[in-house]
Amino acid sequence: MVLDSVVKQRINNARDILVGKVPDPKAQIEQITIALIYKFMDDMEKKLGSNIYFKNELEEYSWDKVFNEQDSAIFFEKYTTAIDLFSKSEHFPYFFREIFKNAYVPYKDSRTLKLFLNEISYFDYEHSEKLGDAFEYLLSVMSSQGDAGQFRTPRHIIDFIVEVLEPKINERILDPACGTAGFLISAVKFMEEKAGGKLNQIEVKNIRDNLYGFDISPNMVRLGLVNMFLHGFYDSNIEEFDTLSNDSKDKWDMRYDVILANPPFMTPKGGVEPHDLLLTACDSKRAEVLFTHYIATHLKSDRGRAGIIVPEGIIFQSGKAYRKLRKDLLDNGLFAVVSLPSGIFNPYSGVKTSILFIDKSFQSDDVVFVKVENDGYHLGAQRRKIDKNDLPEAKEMLLAYRHTKERVENSISHFVSKSVIYENEEYNLSGERYKSVDEYEGEYPLVELGEVAEVKRGSSITKKTIKEGNIPVIAGGRQPAYFHNESNREGEIITISGSGAYSGFVAYHKNPIFASDCFTIKSNDEYKISTLYIYNLLKVKQSEIYNLQSGGGQPHVYPKDLIPYKIPLPPLDVQQKIVEKIEKYQNIIDGAKQVVENYSPQIEIDKNWEMKELGEVCEINPKKSEIKDLSPDLKVSFVPMSELGIKDMYFAHKEEKLLSEVYSGYTYFKENDVLLARVTPCFENGKSGIAKNLTNQIGFGSSEYFVFRPNEKIKSEWIYYLISNSEFLNLGKNNMSGTGGLQRVTKDFTNLFKIPLPPLETQEEIVKQIEKEQELVNNNKQLIEMFEKKIEDEINKVWNRAE
């Protein structure tokens, strides 16, 4: 847009005069619009040499007669009366009556009006071409002041859409939410340029007869009409019309070659009330859905083309109406989705938008996704011009695709088969979704956990009020404290233990729980973030969350500690991609855990096997005295209780100590001995294992171990199977001594417990079979570790890209 500096200065002067009385930029434009058209009617009469407007009762209201009135009160009254009469005068063309409809002066100061009209008087109808650009400048000024979000689209974005769709002179063109007619003006200029820079009268008539604009706001209609007028179109098909609610059958039945639109995104409370034809076809009351559907279905079926600016909800919202709309678009000519950066509509809105391009004549099996990161302007509030601009490259690529149907990707685009988009019936139109997470560029903003998720305290419950059931009660530890018959949380949820040594422990639950001495975290409805995604973000930061503990003897972590905790928030489509990958990994982990947790050796007891007391076939807690003569500097393995496994036949031992350090106060064992935790709760959990690969074949560990050393008639593995099964553990619970928190299985119970004792050869055969089974279980454990690491790596990538 080339803007004459003198014209620009006059426009600014007029605004400066009005600003004290009319601070609203939109109202300023209306006053300038009304005054300009008033002046131009007078200019046209002078040019024609006859009274076509100011005649009969309006003769005394010509511009000169009003402007030259010396009495300030009469001057003011004449001007305000004139603009009121113009909308009612039958000899005025419809075009002018619409412009003056509901026009008035919003102040009572004749001096301000005189100064203002003095600036307007410098303009002449002969300047109309310059004024067309000036008017667009004025509209852009208004948008930069924050009052035009509903109607002002940046000129370069409008031009980009028009240039991709290439409207032609004889084509019927519509903007169903036209605002100030920016799209229609751009289409006219494009056709004019293609015609060699000048349109003849027939071409002008063809364009005028085929340009249509609707808008719900009479003020927008006025501005649109004036904009067209100042660009040489004196009789335009721009009218006040509610595209979504008015049921005019003539308009509903009309079809267009080209539709260009940036329809309103906002849906009023309670939704739009669409007319029956639209509601039946669309089944939605969301403005963006209704407008997009209207546009897509009002194109000519054989050659219609459209460019629609849409909010992100159209791209990936999962509601039924959104999914149906996207499928309909894919089935009916959608060939490109252009993602625009968030700052396009700054300073009055940071909303993220995309452009949908439809061409009914261009049927393709693919959709091209184009990502525009720079549009030639800084994306901050000031929108200053910059050198970086992806729009020319995007336009060149899209035109080449439309004209040749060749899939030629460039640095900002990639093609995706429609069959891939159809796969999960979401019909998601986010290009990033069809890239790997590694291909996504850009940093992820950090948001407070409390902003995207509900953080809620658990409910108080005591052991006395527990009613036995199968619902885990989540309290202060890493395992359920009890099992209850009622739940207070349903569905996917995260728990954070609230007190004790493990306060801050992060856990994830798919099934109902009773949240007690803990608090829960669940994604809220507004952000639609996966709870599993949040869980994995927090779990990789487990050590950090433990550090949030406060308090002395009884540490606590509180909801207030986690609510401000910041987590990375990628775009929703990237989150979805991450979650899809995590869920696949998690499904493998869950399947492997089913094997590990449900496996226990199954031994069919032969009634012919003799039964022996455990104390008859093994030595329980061998004496240390057998190694008293060994060097005190001898290195031996040290196995604390934490390293003894549950359902792990062989336990790891990482630590070595000198014999002199452990001889007193710890339990002694050696290679092939079987260890069993005898104290609550470790006994109930089945902590046990066989000592293997000990340093110098000697080990020491917790004083709470029972040690079983087999004699020549029994194998260590046979003992392990029998003391780790549910029968032994259940009987042992009923044979414990001690009071209070710690209770221990008695040595008498273990000595006298009867076990089946088949011949050694039979034991070996059974052990071999169980070892094969155990190998499969161990493979599943490795699988769990492997895919937990994959999840951790995937989540760390997200954290590493946080701002």
Here the gain from full extension of K405 to E273, 0.36 nm per residue of separation minus their alpha-carbon distance, amounts to 43.5 nm
With DSSP loop assignment and no more than 14 other C-beta atoms within 10 Å, the trypsin sites (Lys or Arg not before Pro) in the stretch 579-680 are K607, K623, K628, K654
Counting Lys and Arg as +1 and Asp and Glu as -1 over every other residue whose Cβ sits under 12 Å from the Cβ of V416, the net charge comes to -1
Place a point 7 Å from the Cα of N696 in the direction of its beta carbon; the residues of the stretch 616-648 whose amide N falls under 16 Å from it are 624-639
Per the 1/(1 + (r/R0)^6) rule, R0 = 22 Å and r from the Cβ atoms of Y599 and N730, FRET efficiency to 0.05 is 0.75
N587 and E166 label points (each 7 Å along its Cα→Cβ direction) are spaced in nm at 4.5
Expressed in nanometres to one decimal, the distance between label points 7 Å along Cα→Cβ at D283 and N102 is 3.6
Of the listed links K593/K692; K249/K395; K327/K539; K566/K647; K628/K747, those spanning more than 31 angstrom between alpha carbons are K249/K395; K327/K539; K566/K647
Magnitude of the Cβ-charge dipole (Lys and Arg +1, Asp and Glu -1) of the chain about the Cα centre, nearest 20 debye, reported as 1240
As a Kirkwood estimate from alpha-carbon pairs, the chain has a hydrodynamic radius in angstrom of 33.3
Residues of the stretch 556-571 with backbone N under 20 Å of the label point set 7 Å from the Cα of E448 along Cα→Cβ are 557-570
So for the stretch 271-415, using the alpha carbon gyration tensor with a ≥ b ≥ c as root eigenvalues (a/c under 1.5 gives rounded; past that, a/b versus b/c decides prolate or oblate), I'd call it oblate
Heads up, the stretch 648-791 by the C-alpha gyration tensor (a ≥ b ≥ c square roots of eigenvalues; a/c under 1.5 rounded, else a/b over b/c prolate, else oblate) looks rounded
With D390 itself left out, Lys, Arg at +1 and Asp, Glu at -1 over residues whose Cβ is under 10 Å from its Cβ give 0
Helix 72-86 sits off the longest principal axis of the Cα atoms of the chain, rounded to the nearest 10 on a 0 to 90 degree scale, by 70
Everything considered on the Cα gyration tensor (a ≥ b ≥ c; rounded for a/c under 1.5, else prolate if a/b is larger than b/c, else oblate), the stretch 495-601 must be described as oblate
Relative to the chain, whose Cα atoms define the longest principal axis, helix 320-331 and its Cα axis are tilted in degrees, nearest 10, by 70
For the chain, the longest principal axis of the Cα atoms and the Cα long axis of helix 572-598 enclose an angle in degrees, to the nearest 10, of 20
Among K88/K114; K607/K768; K26/K46; K352/K584, the pairs whose Cα-Cα distance exceeds 23 Å are K88/K114; K26/K46; K352/K584
Packing-ranked peptide list from 73-81, 23-31, highest mean Cβ count within 10 angstrom first, is 23-31, 73-81
Calculated from DSSP helices alone, with each H run of at least 4 adding -39500 (n - 2.57) and the total divided by the residues of the chain, [θ]222 nm to the nearest 500 comes to -12000 deg cm²/dmol
Given the candidates F229, S217, C282, the one whose Cα lies deepest towards the positive end of the charge dipole of the stretch 147-304, counting +1 at each Lys or Arg C-beta and -1 at each Asp or Glu C-beta, is F229
Averaging 1/r across every pair of distinct alpha carbons in the stretch 215-323 and inverting yields a Kirkwood hydrodynamic radius, in angstrom, of 15.2
In the neighbourhood of I493 defined by beta carbon distances under 9 Å, the net charge of the other residues (Lys, Arg +1; Asp, Glu -1) is +1
Contour minus Cα-Cα span, E671 to E785, at 0.36 nm per residue, comes to 38.3 nm
Loop-resident trypsin sites (Lys or Arg not before Pro) in the stretch 480-522 with no more than 16 other Cβ atoms inside 10 Å, DSSP not H/G/I/E/B, are K510
Expected unfolding gain across W252-L630 under the 0.36 nm per residue rule, minus the alpha-carbon gap, is 126.1 nm
In units of 2.2 N^0.38 Å, the Cα radius of gyration of the stretch 559-711 is 1.51
Too long for a 26 Å Cα-Cα cut-off, among K101/K251; K635/K733; K320/K790; K39/K101; K65/K198, are K635/K733; K320/K790; K65/K198
Share of accessible surface on carbon and sulfur in the chain, whole %, 1.4 Å probe and ligands ignored, is 47
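The values are calculated or read from the model by the stated rules, or taken from the named source; none is laboratory data. Since the structure is predicted, the reported quantities are computational estimates derived from the model, not experimental observations. Here Cβ is always computed from backbone atoms with ideal geometry, including for glycine, and neighbour counts include all displayed protein chains. With ligands, DNA and RNA removed, areas are computed over all heavy atoms of the protein, side chains included. Shrake-Rupley method; radii C 1.70, N 1.55, O 1.52, S 1.80 Å.
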